[in-house]
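Asker: One structure, as C-alpha cells, below. Some questions next.
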Amino acid sequence: MKSNTVNIVISGVGGQGVLTLAEILAKAALSDSHNVRVGEIHGMAQRGGHVVCTVRIGAGARGPIVDPGTADLLVGFEPVETLREAHMIREDGCVLLSSHIQYPVAVSMGKASYPPNKEIIDGIRKFTNHILEFDAMVMAKEAGSSRALNMIMLGAIIGTGLTPITEKAAIDAVRNTFSKKFESINIKAVKMGRKKVENLNR
Amino acid sequence: MTKPKQLLEDNVGKKVLLLANESIARGVLEAGVRLVALYPGTPSSEIGDNLTFMAPHIPNFYFEFSTNEKVAMEVAGAAAVAGVRSMMVCKGPGLNVAADPFFSLAYVGIRGAMVIVVADDPSMWSSQNENDSRYYALMGNMPLVEPSDPAEAKSMLLEAYEISEKLELPILFRTTTRVNHTRSPVTFGPIRDRPKTIEFVKEPFRFVPIPSVARVRHPWLLKQMELAMEISESTKLNFITGSGSLGIITSGVSYNYVVEALSTLDIDAETLKLGMTHPVPEKMISKFLKRHKQVVIVEELDPFLETHARRIAQLNEIKVDILGKEQGFFPRILEYNPRIVIEALSKILNRNTSINWKAIDQKASEISGLPPRPPLLCAGCPHRATYYAIRVATRGKAIYPSDIGCYTLSIAPPLETADILFDMGSSVTTACGLAEVTDQDIVATIGDSTFFAAGLPGIANAVYNQHRISLVILDNRTTAMTGHQPHPGTGVTGMQEKVPPLNIAKVCKGLGVEYVKTINPFASLADLVAAVREMTTWTRENHKPSVLVSIAPCALLEAAERRKTGKVPQPYYVDSELCNSCKRCLNRLSCPAMYLDTKTGQAVIDQTMCNYCGTCVAVCPQGAIKQEDA
Ligand code: SF4
Ligand code: SF4
C-alpha cells in the first residue's frame, strides 16, 4: 500500500500476549515521533481463540486495518495461526514464525489434525519466501519465563530492521509498561529475539 | 495499572497513545462530566474500566457500574435533568435494553448536558447482532455524533456536550468496534471543573410525561431538532476535504478507509465527512449533490446516509447518481476495510484495483483444512466443571437455555450445553416458555452479573407462574466476559468502595424460590453431578423452579492472584504408567491445557497453561491424573 507506512500483522492464540506486544510496539513508535495505529479485537477473541492484531507505523496510516497482501511483516506466535494469516503478507514480505505448537482443542479431541511443519512452510511460501523460523517458547523459557514469549517476538521484529523502531525505544516502552519484577527477564528476551533474527537473516 | 493514572494527568498538550475508549474516559475529565453510569459491554468496556480507577481521584465525580443499561440510562438521565453533565455508556444491544428511558429523555429533555455513548459491533466480534444504532437517533429524535478515530472520540465528545447543552437534549454518540479498539496518538486538553452539588428545581409538567405533558413535549422536541439541523449545517464536525469531479459522502471509521483508498488509487475526489449524522445537514448535502454527477456513499451496515442523500436529492430535484448499497456497490453486513472501498471505487471508475486480491483470495482458499481455533472456556474455568456435571447428570438430554457471558462458549463440543439464547436474562425466561410446551428436563444457566442485570424478573416470573425449571447460577465473582468489572454480588463499587455484597442465594430465596442450594464446583465433581441430578428431580416432582448456585472465582482472577502472591500450587500431571489412552479427559472435558501426545497416544498437561483447578483428576477413570506431592 503506501510506501511510507509499515504494516505489521501479529497473529497468535489468546493469552500469548499478542495485544500487549502490539501496544508496546506502538508506544515505542510514538516515543520516536512516528504516527501509529493499532487495531485490536477484545472480548470473545481473547478466550484462547485465534487473535490477530495490527500495527501500522508511518504518515499514511489512518485506519487500523491492514488489507490482504499489504503486510510488510507477519509476526506468528504459533505455526497454524501464522499460516491462517499468510494471505496478509505482501509479496516478498517477511514472516517471523515461532515453531512452538499450541494444539487447538479440536486436535486434542481428535476431530481435526495439526498440519505437519512442511505443509505450514509450503503454505506460507505461496505468499512469500522470506520466512524466519525459531522456537520463541524455548527462548522465552531460557530468558526466564514462558510469559516472555511476546518479548522474544518484540526483539525479533526489531531484528528484522523492517520497522523504524529502535531497540532503545522498545526497551523503554517495556520498562514503562511492566512491573520491575519482570523487567530483567523481559529485556533479556527482547535482546535474545533481536539477536536470533539478526543471525537468521545473515 | 499505569493507564488510568496517566489519563488523570493535568498536562495540556501531552501526546499519548490511547484506545478510543481511553480517549473517551479522558474526555469525561475534559468535559467536566459530573456523573457516568454504565453496564459493561464490549466493545465499550474499557471506558468504564478506566473511569472506575480514575473516579476516586477526581474531585466531585461519581461513577457507577449500574445493574443494567436501562438503570444506567435513568441514573445518568436524572443527573442531566437536574442540571449537570452526565454520561451513559453501552454496547449496541445495551441500547435496546435502555430504549424505554431513551425515548422519554428526548421528550422531557435535560437541563445540563448528556451524552449516550453506544458502541456498535459490525462483524459481531463480541455481540449477538450488528444492528445499527443510528436508527435510534432517527426514531427517537436525538442528535447523533460519530467519531472516526481516538482523537475525534475526545474532541467530538467535548463538542457533543456543547451541543447537548444548547439544545437541552441528550446526544447519541455512536462508535464502532474499529473506533473503540483502535489505538492512536491523542493530545490532552485542559481539565474542566465539576460542581459539587446542584439544586433540583422542580418542574413536573416538563419532567413527568403524562399524556398532556408529552403532547406538548413532542412538538418542542421537533423544534429542537430544527435547531439541531442549523447546528449540523455549521458545525466543524461536518466538513469537506479534497476536490474533484467525484463526490464521496462518508462518516465514522469508513472515513479513514476512504482517505486511504483515494491515496492508494491516487484519485481526486471531494469528500464530505459527516461527524454529526442526525440531523444531517440538508443544505450542505444538497449543495454537495448538486456539484457532482456521481456521489458515492461509504458507510458500514445499513444505508442510513444513503437514504438521506436519496431523499434530499428527490426533494431538491437534483440529478445525480447516488452510488451505494442499493445498487450493490457496498455490502450491508460486516465491517469495512480499505479494500472494500478500493474495490468499489475501482468498479465505479472502471479501473483495476491496486492489488490483485482475486489471486490472493485464490491462494488463500488453497490453504484449507486448518484446525479451527474458536474462543474457549479458559483452562481452569469453573464453568467447565459445572457444565461437565450438568451434562453428566442429565446425560446430555435436557434442554440447556443459555445466557450472555463467557459461559455461552459452552455451545462448543464436548460440553454442548447452550441450546437457546436471545439476550441478557433470556436463560430463565426461555426456560419458562420451553417448560410449558415440552416435557423434557430444562437446565438453564446464567452468570452472576447477568443474574443481577436481567435475571431477576425472569426468576420472579418462574416462581409466580410455577415453571418447572432448574437454574444453575454460575457465580464466578465478576463480570468476566467484558474484562472483570464488579457487580452487586462482589461488594465493590465503581467508586472502588467496599459495600455489603448482595447474596445470590438469599436473593433467590427472597424472590420465593423454595429450592436453593450452593456448591463449589471444584470441591468434588461427583457431588456436583449429584447436586444437579437432585435439583432436576426436585423440579420434576414439585413442578417449581429450583436454583443451584455454583461459586468459584474466574480462572483469570485466580491466575492474577497467583502472580501477585507468587504462591503456585503443586503441578498436575498425567502419570504415563497409568494412562491407558482412553482420551476421556480430552474428549469429555477438553481443557485447553491438555493435549494429546501424538507419539505416545497419551494425554499431557501443558504446565504453562494449567490453572490448577483439579477437575481433570476426577474425570480420569484410571486415576492417572495427579497432583505432585508437596
Ligand atoms: S487441573 Fe486439569 S482441568 Fe484444571 S486447568 Fe489444569 S489441566 Fe485443566
Ligand atoms: S482419561 Fe486418564 S487414562 Fe484416559 S487418556 Fe486421559 S489421562 Fe489417560
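The values are calculated or read from the model by the stated rules, or taken from the named source; none is laboratory data. The model shown is predicted, which means the values in this text are computed figures rather than measured ones. When we count neighbours, we look across all protein chains shown, and the Cβ atoms used for this are built from the backbone with ideal geometry, even at glycine. We work out accessible area using only protein heavy atoms, side chains counted, and drop any ligands, DNA or RNA first. Shrake-Rupley method; radii C 1.70, N 1.55, O 1.52, S 1.80 Å.
Asker: Hey, which of the strands (runs of 3 or more DSSP E) in segment B:13-128, taking only ones fully inside, have at least 1 residues that are crowded, with 24+ Cβ neighbours inside 10 Å and more than 14 Å from chain A (Cβ to nearest Cβ)? Let's see the steps before the verdict.
Answerer: Details: elements: B:15-19, B:35-38, B:62-65, B:85-91, B:113-120.
Because the criterion is at least 1 residues that are crowded, with 24+ Cβ neighbours inside 10 Å and more than 14 Å from chain A (Cβ to nearest Cβ), the strands (runs of 3 or more DSSP E) in segment B:13-128 that meet it are B:35-38, B:62-65, B:85-91, B:113-120.
Asker: Checking the structure you have, find out if any residue of segment B:543-552 is near ligand 1 (Cβ under 9 Å from one of its atoms) and surrounded by 19 or more Cβ atoms within 10 Å (Cβ to Cβ).
Answerer: Step one: of segment B:543-552, the residues near ligand 1 (Cβ under 9 Å from one of its atoms) are none.
The answer is no; no qualifying residue exists.
Asker: Same structure again: Is it the case that B:Phe330 is open to solvent by less than 20 Å² (accessible area, probe 1.4 Å), touching a helix residue (DSSP H, G or I) at 6+ places or on another chain (Cβ under 6 Å) and either assigned by TED's automatic domain parsing to the domain that holds B:Glu260 or assigned to a strand (DSSP E or B) (or both)?
Answerer: Here the answer is yes, as B:Phe330 does meet what is asked.
Asker: Touching a Lys or Arg at 6+ places or on another chain (Cβ under 8 Å), free of Cβ contacts under 8 Å to residues at least 40 places away in the same chain, surrounded by 14 or more Cβ atoms within 10 Å (Cβ to Cβ) and not in a helix (DSSP H, G or I) - does that describe any residue in segment B:494-502? Steps first, please.
Answerer: In the first step, residues of segment B:494-502 are kept if they are touching a Lys or Arg at 6+ places or on another chain (Cβ under 8 Å); the result is none.
No, segment B:494-502 contains no residue that is touching a Lys or Arg at 6+ places or on another chain (Cβ under 8 Å), free of Cβ contacts under 8 Å to residues at least 40 places away in the same chain, surrounded by 14 or more Cβ atoms within 10 Å (Cβ to Cβ) and not in a helix (DSSP H, G or I).
Asker: Test B:Val392 against the stated conditions and say whether it is in a helix (DSSP H, G or I), open to solvent by less than 20 Å² (accessible area, probe 1.4 Å) and under 19 Å from B:Thr539 (Cβ atoms).
Answerer: Working: in a helix (DSSP H, G or I): yes; open to solvent by less than 20 Å² (accessible area, probe 1.4 Å): no; under 19 Å from B:Thr539 (Cβ atoms): yes.
The answer is no for B:Val392.
Asker: Exactly one condition in (1) within 23 Å of the chain's Cα centre (by Cα); (2) in contact (Cβ under 8 Å) with a residue 24 or more places away in the chain is not met by B:Thr386; state its number.
Answerer: (1)
Asker: Could you tell me how many of the residues in segment A:14-38 are in a loop (DSSP other than H, G, I, E, B), in contact (Cβ under 8 Å) with a residue 24 or more places away in the chain and more than 29 Å from A:Pro104 (Cα to Cα)?
Answerer: Restricting attention to segment A:14-38, the residues satisfying the condition of being in a loop (DSSP other than H, G, I, E, B) are A:14-17, A:32-35.
Filter once more, keeping what is in contact (Cβ under 8 Å) with a residue 24 or more places away in the chain: A:14-17, A:32, A:34-35.
If we keep only those that are more than 29 Å from A:Pro104 (Cα to Cα) as well, we get A:32, A:34-35.
Number satisfying all stated conditions: 3.
Asker: With the requirement that a residue be within 9 Å of chain B (Cβ to nearest Cβ) and closer than 18 Å to A:Asp72 by Cβ, what does segment A:6-42 give you?
Answerer: Within segment A:6-42, A:Ala22, A:Ala26, A:Ala29, A:Asn35, A:Val36, A:Arg37, A:Val38, A:Gly39 qualify.
Asker: Looking at B:Ser427, B:Ser410, can you tell me which residue is part of a helix (DSSP H, G or I), more than 14 Å from chain A (Cβ to nearest Cβ) and on the phi < 0 side of the Ramachandran plot? Reasoning before the result, please.
Answerer: Values: B:Ser410 fails: more than 14 Å from chain A (Cβ to nearest Cβ).
Exactly one residue qualifies, and that residue is B:Ser427.
Asker: Determine, yes or no, whether A:Gly60 is at the interface with another protein chain (Cβ under 7 Å from one of its Cβ atoms), closer than 22 Å to B:Val341 by Cβ and surrounded by fewer than 23 Cβ atoms within 10 Å (Cβ to Cβ).
Answerer: Numbers: at the interface with another protein chain (Cβ under 7 Å from one of its Cβ atoms): yes; closer than 22 Å to B:Val341 by Cβ: yes; surrounded by fewer than 23 Cβ atoms within 10 Å (Cβ to Cβ): yes.
Yes: the conditions hold for A:Gly60.
Asker: Could I ask something else about it? So which residues in segment B:355-382 are under 24 Å from the mean Cα position of the chain (by Cα), within 16 Å of ligand 1 (Cβ to nearest atom) and part of a loop (DSSP other than H, G, I, E, B), if there are any at all? Show your work before the answer.
Answerer: Of all residues in segment B:355-382, those under 24 Å from the mean Cα position of the chain (by Cα) come to B:373-379, B:381-382.
Imposing the further condition that a residue be within 16 Å of ligand 1 (Cβ to nearest atom) reduces the set to B:376-379, B:381-382.
Result: B:Leu376, B:Leu377, B:Cys378, B:Ala379, B:Cys381.
Asker: In addition: Test B:Pro143 against the stated conditions and say whether it is touching a Gly at 6+ places or on another chain (Cβ under 9 Å) and either in contact (Cβ under 8 Å) with a residue 24 or more places away in the chain or β-branched (Val, Ile, Thr) (or both). Before the answer, list the steps.
Answerer: Details: touching a Gly at 6+ places or on another chain (Cβ under 9 Å): no; either in contact (Cβ under 8 Å) with a residue 24 or more places away in the chain or β-branched (Val, Ile, Thr) (or both): yes.
Here the answer is no, as B:Pro143 does not meet what is asked.
Asker: Next question. I want to confirm something. Restricting to segment B:147-169 and keeping residues that are away from chain A (no Cβ under 14 Å) and touching a Phe, Trp or Tyr at 6+ places or on another chain (Cβ under 8 Å), which single residue is surrounded by the most Cβ atoms within 10 Å (Cβ to Cβ)? Give the derivation first.
Answerer: So in segment B:147-169, the residues away from chain A (no Cβ under 14 Å) come out as B:154-169.
Next cut, touching a Phe, Trp or Tyr at 6+ places or on another chain (Cβ under 8 Å) only: B:156-157, B:160.
Working: B:Met156: 27, B:Leu157: 24, B:Ala160: 29.
Filtering first and then ranking leaves B:Ala160.
Asker: Quick one: which strands (runs of 3 or more DSSP E) sit completely within segment B:133-245 and have at least 2 residues that are under 15 Å from B:Val28 (Cα atoms)? Explain how you work it out, then say what you get.
Answerer: Working: elements: B:171-176, B:182-187, B:238-241.
Counting at least 2 such residues, we get B:171-176, B:182-187.
Asker: Restricting the search to segment B:333-386, which residues are out of contact with any Ser or Thr (no Cβ under 7 Å at 6 or more places or on another chain), more than 11 Å from chain A (Cβ to nearest Cβ), of a type outside the set (D, E, K, R) and open to solvent by 30 Å² or more (accessible area, probe 1.4 Å)?
Answerer: Correct list: B:Ile333, B:Leu349, B:Asn350.
Asker: Sticking with this one: Only one of (1) assigned to a helix (DSSP H, G or I); (2) crowded, with 18+ Cβ neighbours inside 10 Å; (3) more than 10 Å from chain B (Cβ to nearest Cβ) is not met by A:Leu96, so which one is it?
Answerer: (1)
Asker: Suppose the filter is at the interface with chain B (Cβ under 8 Å from one of its Cβ atoms) and under 15 Å from the mean Cα position of the chain (by Cα); does A:Glu85 pass it? Even if it seems obvious, please write down each step before you answer.
Answerer: Numbers: at the interface with chain B (Cβ under 8 Å from one of its Cβ atoms): no; under 15 Å from the mean Cα position of the chain (by Cα): yes.
Considered against the rule, which asks whether it is at the interface with chain B (Cβ under 8 Å from one of its Cβ atoms) and under 15 Å from the mean Cα position of the chain (by Cα), A:Glu85 comes out as no.
Asker: Run down A:Lys196, A:Lys180 and say which single residue is open to solvent by 50 Å² or more (accessible area, probe 1.4 Å) and in contact (Cβ under 8 Å) with a residue 40 or more places away in the chain. Break it down stepwise before answering.
Answerer: Numbers: A:Lys180 fails: in contact (Cβ under 8 Å) with a residue 40 or more places away in the chain.
None of the others qualify; the one that does is A:Lys196.
Asker: Given the conditions (1) more than 28 Å from the chain's Cα centre (by Cα); (2) facing chain A (nearest Cβ under 10 Å), report the number of the one that B:Lys397 does not fulfil.
Answerer: With respect to (1) more than 28 Å from the chain's Cα centre (by Cα); (2) facing chain A (nearest Cβ under 10 Å), B:Lys397 is out only on (2).
Asker: Those residues that are within 12 Å of ligand 1 (Cβ to nearest atom) and either touching a Leu at 6+ places or on another chain (Cβ under 8 Å) or outside the structural domain of B:Tyr572 (by TED's automatic domain parsing) (or both), I need them from segment B:609-623; list them, please. Can you show your working first?
Answerer: First, pick out the residues of segment B:609-623 that are within 12 Å of ligand 1 (Cβ to nearest atom): B:609-620.
Once the filter is applied, which keeps residues that are within 12 Å of ligand 1 (Cβ to nearest atom) and either touching a Leu at 6+ places or on another chain (Cβ under 8 Å) or outside the structural domain of B:Tyr572 (by TED's automatic domain parsing) (or both), segment B:609-623 yields B:Thr615, B:Cys616, B:Ala618, B:Val619.
Asker: Pick out the one residue from B:Ala228, B:Ala269 that is outside the structural domain of B:Thr353 (by TED's automatic domain parsing) and open to solvent by less than 10 Å² (accessible area, probe 1.4 Å). Reasoning before the result, please.
Answerer: Details: B:Ala269 fails: outside the structural domain of B:Thr353 (by TED's automatic domain parsing).
Answer to the check: B:Ala228.
Asker: Pairs needed: first member in segment B:13-27, under 19 Å from A:Ala29 (Cα atoms) and assigned by TED's automatic domain parsing to the domain that holds B:Val117; second member anywhere, of a type in the set (Ser, Thr, Tyr) and open to solvent by 10 Å² or more (accessible area, probe 1.4 Å); C-beta distance under 6 Å; at least 6 residues apart or different chains.
Answerer: Correct list of pairs: B:Lys15/B:Thr187.
Asker: A follow-up question, please. What tally of residues in segment B:512-530 results from selecting those that are in contact (Cβ under 8 Å) with a residue 40 or more places away in the chain, in a loop (DSSP other than H, G, I, E, B), closer than 19 Å to B:Val443 by Cα and open to solvent by 30 Å² or more (accessible area, probe 1.4 Å)? Walk me through it before giving the result.
Answerer: Initial filter on segment B:512-530 (in contact (Cβ under 8 Å) with a residue 40 or more places away in the chain): B:512-513, B:521-522, B:524-526, B:528-530.
Checking which are in a loop (DSSP other than H, G, I, E, B) leaves us with B:512-513, B:521-522, B:524.
Now drop any that are not closer than 19 Å to B:Val443 by Cα, which leaves B:512-513, B:521.
Those left that are additionally open to solvent by 30 Å² or more (accessible area, probe 1.4 Å): B:512.
Total satisfying the criteria: 1.
Asker: Please count how many residues of segment A:162-172 are touching a helix residue (DSSP H, G or I) at 6+ places or on another chain (Cβ under 8 Å), open to solvent by 10 Å² or more (accessible area, probe 1.4 Å) and part of a helix (DSSP H, G or I).
Answerer: 3
Asker: Looking at segment B:578-608 only, could you name the residues that are more than 14 Å from ligand 1 (Cβ to nearest atom), in contact (Cβ under 8 Å) with a residue 40 or more places away in the chain and not polar (S, T, N, Q)?
Answerer: Correct list: B:Leu578, B:Cys582.
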